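Worksheet for the structure shown next.
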Amino acid sequence: MGDLELWEQKLRDKGIRWTRQRRIIIEVLLASTRPLSAQDIFAKLEGDYPKLRLSTVYRNLNSFKDNKIVRALNLNGNEQKFELIDGHHHHHLICIKCDDILPLDCPLKEFESKLKDDTGYIILDHRMKIYGLCPNCKNH
């Protein structure tokens, strides 16, 4: 079973109908290596799907978010960006000039375990955002 079929099954398991609009939004998110805004997704699709509306993209992303298909991220204080929840825990490196986003593997597993042992807390989640200048912006 391919990636698209797995996501179709995830939606169906949550009682969400698999429509053409939902399929193409999932396809764009699957093809991306970084989180995308609703406007980013719409821009990638509007040429091939002229009847698609930005409001449709927003409505579907909000439904996906409510059903834990995507997570919404506020990475730079501007627009919300979305990424599929695929079970891979990671963080983000964000350029403060051009808003480029680079996913990073999580380096905190051992620290989280030590923190749990030292404090007695049950660690439920953590998020880390690192801000800087990407190689392109640091040279300009």
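The values are calculated or read from the model by the stated rules, or taken from the named source; none is laboratory data. Computed from a predicted structure; not experimentally measured. For neighbour counting, all protein chains shown are included, and Cβ atoms are generated from backbone atoms with ideal geometry for every residue, glycine included. To get the accessible areas, we keep the full protein, side chains included, count just its heavy atoms, and leave off ligands, DNA and RNA. Shrake-Rupley method; radii C 1.70, N 1.55, O 1.52, S 1.80 Å.
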Exercise. Taking the Cα atoms only, what angle lies between the long axis of helix 54-66 and the longest principal axis of the chain, rounded to 10 degrees?
Worked result: 50
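Is it possible to state the helix-based mean residue ellipticity at 222 nm for the chain, with each DSSP H run of 4+ residues giving -39500 (n - 2.57), the sum divided by total residues, to the nearest 500 deg cm²/dmol? What is it? Could you put the intermediate results ahead of the total?
On the way: 6 runs with 59 residues, N = 140.
Here the helix-only value at 222 nm equals -12500 deg cm²/dmol.
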Problem set entry | Dipole magnitude of segment 43-140 about its Cα centre (Cβ charges: Lys, Arg +1; Asp, Glu -1), debye to nearest 20 | 340
For this session: Compute the acute angle (0 to 90°) between the alpha-carbon long axis of helix 109-119 and the principal axis of greatest extent of the alpha-carbon atoms of the chain; round to the nearest 10°.
Result: 60
Exercise. Using modelled amide H (1.01 Å from N, peptide plane; none on Pro or chain starts), what sits under 5 Å from the amide H of V70, excluding residues fewer than 5 places away?
Worked result: K65, I85
For this session: Search the structure for amide H atoms under 5 Å from the amide H of C106, placed 1.01 Å from N in the peptide plane, and list their residues when 5 or more places away or on another chain.
Result: H91
Problem set entry | 0 to 90° range, to nearest 10: angle between helix 20-31 axis and the chain longest Cα axis | 40
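Order of 42-48, 105-111 by packing, highest average Cβ count within 10 Å first?
Ranking the peptides 42-48, 105-111 by packing returns 42-48, 105-111.
Might you tell me the accessible area per residue for segment 1-136, computed with a 1.4 Å probe and given in Å²?
Here the residues of segment 1-136 average 64 Å² of exposed surface.
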Seminar exercise, completed: Probe 1.4 Å, all chains present, heavy atoms only: R20 accessible area in Å², nearest 10, is 120
For this session: Order the following by accessible area, largest value first: S32, S113, S37. Probe radius 1.4 Å; ligands, DNA and RNA are ignored.
Result: S113, S32, S37
Exercise. Residue-wise, which Karplus ³J(HN,Hα) couplings in Hz belong to segment 120-131, taking 6.51 cos²θ - 1.76 cosθ + 1.60, θ = phi - 60°, and x for glycine or proline?
Worked result: x, 5, 9, 7, 9, 5, 8, 9, 9, 10, 10, 10
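Over 22 Å between Cα atoms: which of K14/K44; K81/K129; K44/K138; K65/K129; K97/K129 fall into that group?
Numbers: K14/K44 26 Å; K81/K129 14 Å; K44/K138 28 Å; K65/K129 20 Å; K97/K129 15 Å.
Too far apart for the 22 Å limit: K14/K44; K44/K138.
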Seminar exercise, completed: Share of accessible surface on carbon and sulfur in segment 41-140, whole %, 1.4 Å probe and ligands ignored, is 53
